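Q: Take this structure first; my questions come after.
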Amino acid sequence: MARTHALVLIVDDDVAQAEQVAAVLEAVGFRTVRAADAVEGLVAVEERQPDLVVLDWQLPFIDGRIFIRALRAGLERPPPVVVLAPPEVAAEAVLQAGGAARVTTPPEPGDLLQAVRAALGGGSES
């Protein structure tokens, strides 16, 4: 089992999906914090300075593309963003928007962990 102290911010308005993502990440040692929408997520990035963001692409009012743009505009060194998106959202669209990876929803635990570890540069184990 991986041991890590990396902090992952989960930005998702779907409570059940956010809880599933948190459970998967916490089971292998990641610390998590959650935000229910994009505004709360941007505030949490500023306050908590997470190592990585797991972002629901389809947030109300501000979608994933706008969130990533705001994150990049507001920080000198923004954390990588793993995007949770439905199958109809192409991985290329996520990458062009500045996301590190796309995980199809509902997220499979193995796919989620692989994307998170890759986005952290493979350095999630310590």
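The values are calculated or read from the model by the stated rules, or taken from the named source; none is laboratory data. Note that this is a predicted model, so its numbers are computed, not measured. Don't worry about glycine lacking a Cβ; one is built from the backbone with ideal geometry, like all the others, and counts go over all protein chains shown. Each accessible area value is taken on the protein alone, full model and side chains, heavy atoms only, with ligands, DNA and RNA left out. Shrake-Rupley method; radii C 1.70, N 1.55, O 1.52, S 1.80 Å.
Q: Might you report the magnitude of the Cβ-based charge dipole of the chain about its Cα centre, with Lys and Arg at +1 and Asp and Glu at -1, to the nearest 20 debye? Mind showing how you got there, number by number?
A: On the way: 10 positive and 18 negative charges, 90 e Å.
My answer is approximately 440 debye.
Q: So, in nm, how far is label V39 from label L95 when the simple model puts each one 7 Å beyond its Cα toward the Cβ?
A: Placing both labels 7 Å along Cα→Cβ, they lie 3.4 nm apart.
Q: In addition: Of L9, V83, A100, which is farthest along the charge dipole of the chain in the positive direction, counting Lys and Arg as +1 and Asp and Glu as -1 at C-beta?
A: Final value for the positive-end residue is A100.
Q: Follow-up question, since we're still on this one. Before rounding to the nearest 500, sum -39500 (n - 2.57) across all DSSP H runs of length at least 4 in the chain and divide by the residue total; then give [θ] at 222 nm in deg cm²/dmol. Walk me through the intermediate numbers first.
A: On the way: 5 runs with 53 residues, N = 126.
Calculated at 222 nm, the ellipticity per residue is -12500 deg cm²/dmol.
Q: Return one whole number: the accessible area per residue of the chain in Å², for a 1.4 Å probe.
A: For the chain, the per-residue accessible area is 52 Å².
Q: Could you calculate the contour length gain from I66 to Q114, that is, 0.36 nm times the residue separation minus the distance between their Cα atoms, to one decimal place in nm?
A: Length difference between fully extended and current span is 14.8 nm.
Q: Return the loop-located trypsin sites (Lys or Arg not before Pro) in the range 1-87 (DSSP other than H, G, I, E, B) with at most 15 other Cβ atoms within 10 Å of their own Cβ; answer none if there are none.
A: R3
Q: To continue, here is another question. Carbon and sulfur together cover what percent of the accessible area of the chain at a 1.4 Å probe radius?
A: Carbon and sulfur: 50 percent of the exposed surface of the chain.
Q: Which whole-Hz ³J(HN,Hα) couplings does the range 55-66 yield from phi under the Karplus relation 6.51 cos²θ - 1.76 cosθ + 1.60, θ = phi - 60°, glycine and proline marked x?
A: Each residue's phi maps through the Karplus curve to give 10, 6, 5, 10, 7, x, 6, 10, 7, x, 4, 5 Hz.
Q: Still on this model: Between D14 and A73, take the C-beta separation as r, use R0 = 22 Å, and let me know the FRET efficiency to the nearest 0.05.
A: 0.25
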